[in-house]
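Computed from the coordinates by the stated procedures, all read-outs in this text should not be read as laboratory data. Keep in mind that what you see is a predicted model, and the values were worked out from it rather than measured. A quick note on method: Cβ atoms are made from the backbone with ideal geometry, for glycine too, and the neighbour counts reach across all protein chains shown.
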Amino acid sequence: MQKVVKQEMMALAGDQAVAYAVKQSDVDVVAAYPITPQTIIVEKFSEYVADGEVETEFVCVESEHSAMAASISASATGARAFTATASAGLALMHEMLFVASGCRAPVVMAVANRALSAPLNIHGDHSDSMAQRDSGWIQMYAENAQEAYDSIIQAFQIAENLDVLLPVMVGLDGFTLSHTLENVEALPDEVVKEFVGVRKFPNVLTHAGKTAPFKLDPANPMTMGPIALQNYYFEFKRQQEEAMTNALNVIQQVNSDYAKISGRSYGNGLVEGYCLEDAEVAAICLGSTAGTMKTVVDDLRQDGVKAGLLKLRTFRPLPVEAIRSALENVKAVAVMDKCMSFGGNGGPVFHEVRHLLYDVASRPYVVNYIYGLGGRDTSPSELRSIYENLQSILQAGRVETPIQYLGLRD
Amino acid sequence: MKDITEVRWHGRGGQGSWTASEVLARTAIYEGKYIQSFPEFGPERMGAPVTAFTRISTRPIRIHCAVYEPDIVVVLDPTLLKTVPVTSGVNENGIIIINSADEPAKVRKTLKTEKGKLWTIPATQIALKILGMPITNTAMLGTVARATKLVSLETIELILKERFRPDLAEKNFAVINEAYSEAKQE
């Protein structure tokens, strides 16, 4: 049995914590383009490169589209590749995100979540990564700088698992996490290096008819991402879906393996319940809001309210069974979205959570709260009002306004 | 019982509010505490009013939002008293620290609250005398150390040496020491 190792307590902003995790994860290639609020990640990492602290090839590209293209190419040759972006940068990558997942390139990317223009806004919300939810990438969201650090290290293990082979994006809330200095316990370099290990490859059949590792290598010529029309395209897509299903188990396994060395775990890796065992009213949210919400739940519990929280750590693949079982006894649920799906009758997390509850025996009331767009701060008292509304819904026995806007000017 | 101490810094862009918030946080982490330090994420321009925050706790900090009910308010620039609601959210046990050459009793009249324990410090004068520049953040930090006993002067000195050039660290520590002894309580 492995023992939890001694760790160094550091003061790091979320972006710095990500850069530090990448530094320790034995990454071969980083290709990135700076954009606020992600800039500190690549700035800090390029310092590591310049100071000779890593042997990583740092590729300065002219755009995010190229950053992703370079990351995919590097990954195809067998390299471990990382990039980071936010907002418009992620939007510019859109086309290439599908190429990464379709080529089964296990690229890891940090997204310092930021609003999309217009109007121009550099602050945090989830519009950027939610817009990429169907791109075939695994999506995880961090609650604090510590979880951002831990999740990046775990992401390589998840992405490169042979049952998965999918790219992973780790979201950290722009400014609220990316630029806030916090305590981060960092594992020793050699422990991280051993944890992430050396990249493995499945064996595939080459053009020459022999088996070889699935990577571009002149010794074993093969094609990646070639044309596949009506004959095979559909099968490729079905395989990606299967990989997503496999990821549900792999994420849980990596979460528990990581807990053995670090002493830290995040629920089962997919979702993290807080005071849910006997909760009657509960909220579901992603990212840094979960931390504030825990303090609100503590206060409500002191006042005798049976309140709980479900933090959705992994959004893709959607942990359907984990969410259903966590909410089994909850009577009213508030789903929080830091993002809008214009004309879509609520936010994306709301859609999916309400959808997966359709098949359960006794459905809870479900209400959507859209909040914090463009980095608008959400106070504990505003969050508390969500639970008060859930209690009124229980009393009234119906949901009057299913989609609510929290902290919006009248 | 609140287990987090929340500090709100008010200054103008260029006076080092975020740096003060960060040095306080780094000092506290060195002393084994959990911290957060962040600026108000607005547009920052030289001379415009800015806000920064520090949270210090003996336990991991989970909350991630602005500070609405600060335990300690620090005002780096006295001209802000007229334009910014610096005492917003301060309660009876709060501590208000203001850069002013005036006695606390006189400054109290310009405040919009009777709440909180008030301290004053002629930070601009001390900064001009020792640094030759009206950068008041370290004088305010010295007063915070005196008024709150949140962190020790010894650790602040260590952190300054880590973060600044040796000559700057030395001068700023002289500022902190003078502020520590000159601070006046209401």
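Working from Cα positions, state the angle (0 to 90°, nearest 10) between the long axis of helix A:87-102 and the longest principal axis of chain A.
Here the helix axis deviates by roughly 60 degrees.
What distance in nm separates the simple spin-label points at A:N220 and A:T77, each placed 7 Å from Cα in the Cβ direction?
With each label placed 7 Å out from Cα toward Cβ, I get 1.8 nm.
Take the Cα of A:V360, step 7 Å along the line toward its Cβ, and report every residue of region A:264-301 whose backbone nitrogen sits under 20 Å from that point.
Hits in region A:264-301 for A:V360 at 20 Å: A:267-287, A:290, A:294, A:297.
Could you give the length gained on full extension between B:E162 and B:Q185, defined as 0.36 nm per residue of separation minus the Cα-Cα distance, in nm? Mind showing how you got there, number by number?
Details: separation 23, 0.36 × 23 = 8.28 nm, distance 3.09 nm.
Residue separation times 0.36 nm, minus the Cα-Cα distance, leaves 5.2 nm.
Taking every pair of Cα atoms in chain A, average 1/r, invert it to obtain the Kirkwood radius, and report Rg/Rh to two decimals. The partial results should precede the final answer.
On the way: Rg = 21.2 Å, Rh = 21.8 Å.
That ratio is 0.97, to two decimals.
What residues qualify as long-range amide H neighbours of B:L118, i.e. H under 5 Å apart, gap of 5 or more or another chain, H built at 1.01 Å from N?
B:I96, B:E186
Mind giving me the nanometre distance, one decimal, between the label points for A:K6 and B:R59, set 7 Å out from Cα along Cα→Cβ?
2.8
Please give the charge dipole size of region A:271-406, origin at the Cα centre, charges +1 on K and R Cβ atoms and -1 on D and E Cβ atoms. Round to the nearest 20 debye.
Magnitude of the dipole: close to 260 debye.
Could I get the Rg over Rh figure for region A:271-406? Both from C-alpha atoms, Rh via Kirkwood, rounded to two places.
On the way: Rg = 13.5 Å, Rh = 14.7 Å.
Rounded to two decimals, Rg over Rh is 0.92.
Considering chain A as a Gaussian network with a 10 Å cut-off on Cα pairs, which listed residue, A:N246, A:N255, A:N345, attains the greatest mean-square fluctuation?
It is A:N345.
Enumerate the calculated ³J(HN,Hα) couplings along region B:64-70 in order (Karplus 6.51 cos²θ - 1.76 cosθ + 1.60, θ = phi - 60°), each rounded to whole Hz, writing x wherever the residue is Gly or Pro.
Coupling constants for region B:64-70: 9, 7, 5, 8, 9, 10, x Hz.
Take the alpha carbon gyration tensor of region A:204-285, find the square roots of its eigenvalues, order them as a ≥ b ≥ c, and report rounded if a/c is under 1.5; if not, report prolate when a/b exceeds b/c, else oblate. Write down the numbers at each step before the final one.
On the way: a/c = 4.92, a/b = 2.10, b/c = 2.34.
Oblate is the answer for region A:204-285, as a/c is 1.5 or above yet b/c matches or exceeds a/b.
Considering only Cα-Cα distances, which of the following residue pairs are longer than 21 Å: A:K260/A:K338; A:K6/A:K294; A:K23/A:K311; A:K306/A:K331; B:K33/B:K184; A:K44/A:K311?
Over 21 Å Cα-Cα: A:K260/A:K338; A:K6/A:K294; A:K23/A:K311; B:K33/B:K184; A:K44/A:K311.
Compute the helix-to-body angle for A:289-302: its Cα long axis versus the longest principal axis of chain A, expressed 0 to 90° and rounded to tens.
Its long axis makes an angle of about 30 degrees.
Using alpha-carbon positions, what is the distance between the centroids of region A:337-391 and region B:78-100, in Å?
So the separation of the two Cα centres works out to 37 Å.
Rounded, prolate or oblate: which fits region B:4-185, taking a ≥ b ≥ c as square roots of the Cα gyration tensor eigenvalues, rounded meaning a/c under 1.5, else prolate when a/b beats b/c?
Details: a/c = 1.34, a/b = 1.05, b/c = 1.27.
Because its axes are fairly even, with a/c under 1.5, region B:4-185 counts as rounded.
Quick one: helix A:64-76 against the long Cα principal axis of chain A, what's the angle to the nearest 10°, folded into 0 to 90?
Between the helix axis and the principal axis of chain A, the angle is about 60 degrees.
Counting DSSP beta bridges with both partners in chain B, what percentage is antiparallel, nearest 5?
Taking every DSSP beta bridge within chain B, about 55 percent pair in antiparallel fashion.
Average partner chain C-beta neighbours within 10 Å, per residue of A:178-187?
Details: counts 1, 5, 11, 11, 11, 10, 0, 1, 0, 0.
Shielding by partners across A:178-187 averages 5.
State, to one decimal in nm, how far the label point of A:C275 lies from the label point of B:L128, with both points 7 Å from Cα in the Cβ direction.
5.2
Sorting A:F175, A:F234, A:F82 on the 10 Å Cβ count, fewest up front, what's the list?
Details: A:F175 25, A:F234 11, A:F82 30.
Placing the least packed residue first, the sequence is A:F234, A:F175, A:F82.
Starting from the Cα gyration tensor of region B:48-140, take the square roots of the eigenvalues, sort them a ≥ b ≥ c, and report rounded, prolate or oblate (rounded when a/c is under 1.5, otherwise prolate if a/b is larger than b/c, else oblate).
On the way: a/c = 1.91, a/b = 1.33, b/c = 1.44.
Here region B:48-140 falls in the oblate category.
Which value in deg cm²/dmol, rounded to the nearest 500, describes the helix-derived mean residue ellipticity at 222 nm for chain B, given -39,500 (n - 2.57) per DSSP H run of n ≥ 4 and division by the residue count?
Values: 6 runs with 69 residues, N = 186.
Value at 222 nm, helices only, nearest 500: -11500 deg cm²/dmol.
State, to one decimal in nm², a quarter of the convex hull surface area for the C-alpha atoms of region B:1-78, i.e. the direction-averaged projected area. It would help to have the intermediate numbers written out before the result.
Working: hull surface 20.7 nm².
It is 5.2 nm².
According to the Kirkwood expression over distinct Cα-Cα pairs, how big is the hydrodynamic radius of region A:90-166, in Å? Please list the in-between numbers first.
Numbers: mean 1/r = 0.0745 Å⁻¹.
Averaging 1/r across every pair of different Cα atoms and inverting gives 13.4 Å.
Calculate, for A:S63 and A:D134, the FRET efficiency according to 1/(1 + (r/R0)^6) with r their C-beta to C-beta distance and R0 25 Å; round to the nearest 0.05. Kindly include the intermediate steps, with their values, before the conclusion.
Values: r = 22 Å, r/R0 = 0.90.
FRET efficiency, A:S63 to A:D134: 0.65.
For region A:248-262, just list the computed ³J(HN,Hα) in residue order, Karplus coefficients 6.51, -1.76 and 1.60, θ = phi - 60°, integers in Hz, with x standing in for Gly and Pro.
Computed from phi, the couplings for region A:248-262 are 4, 6, 5, 4, 5, 5, 5, 4, 7, 4, 5, 4, 5, 8, 9 Hz.
In whole angstrom, note down how far apart the Cα centers of region A:1-61 and region A:135-153 are.
14
What whole number of Å gives the distance from the Cα centroid of region B:1-66 to the Cα centroid of region A:73-107?
Between the Cα centres of region A:73-107 and region B:1-66 lies a distance of 35 Å.
Any chance you could run the full-extension gain for A:K237 through A:V320? It's 0.36 nm times the residue separation minus the Cα-Cα distance, nm to one decimal. Intermediate results must be reported in sequence, preceding the final value.
On the way: separation 83, 0.36 × 83 = 29.88 nm, distance 2.02 nm.
Separation in residues times 0.36 nm, less the Cα-Cα distance, equals 27.9 nm.
So what are region A:321-371's ellipsoid semi-axes, whole angstrom, largest first, if each one is the square root of 5 times an eigenvalue of the alpha-carbon gyration tensor? Walk me through the intermediate numbers first.
Working: eigenvalues 82, 21, 16 Å².
Largest first, region A:321-371 gives 20, 10, 9 Å.
Quick check on the protein assembly as shown: of the DSSP beta bridges with both residues there, what percent are antiparallel, nearest 5%? Don't skip to the answer; put the middle values down first.
Working: 34 of 87 bridges.
Taking every DSSP beta bridge with both residues in the protein assembly as shown, the antiparallel ones total about 40 percent.
List A:Y387, A:Y48, A:Y233 from most exposed to least, where exposure is judged by having the fewest other Cβ atoms within 10 Å. Intermediate results must be reported in sequence, preceding the final value.
Numbers: A:Y387 27, A:Y48 17, A:Y233 12.
Starting with the residue having the fewest Cβ neighbours, the order is A:Y233, A:Y48, A:Y387.
Going by how many other beta carbons lie within 10 Å of each one, how would you line up A:E190, A:E382, A:E47, fewest first?
On the way: A:E190 10, A:E382 18, A:E47 13.
Lowest to highest Cβ neighbour count: A:E190, A:E47, A:E382.
Under 13 Å Cα-Cα from B:K106, which aspartates and glutamates qualify once same-chain neighbours fewer than 8 residues away are excluded?
Here the aspartates and glutamates satisfying the reach criterion relative to B:K106 are B:E114, B:E186.
When the Karplus curve 6.51 cos²θ - 1.76 cosθ + 1.60 is applied with θ = phi - 60°, which whole-Hz ³J(HN,Hα) does each residue of region B:145-159 get, with x for Gly and Pro?
With coefficients 6.51, -1.76 and 1.60, one gets 4, 5, 6, 10, 6, 5, 9, 9, 4, 4, 6, 4, 4, 4, 5 Hz.
Find the all-direction average of the projected area of the Cα convex hull for region B:112-186, expressing the result in square nanometres with one decimal place.
Numbers: hull surface 21.3 nm².
The orientation-averaged projected area of the Cα hull of region B:112-186 comes to 5.3 nm².
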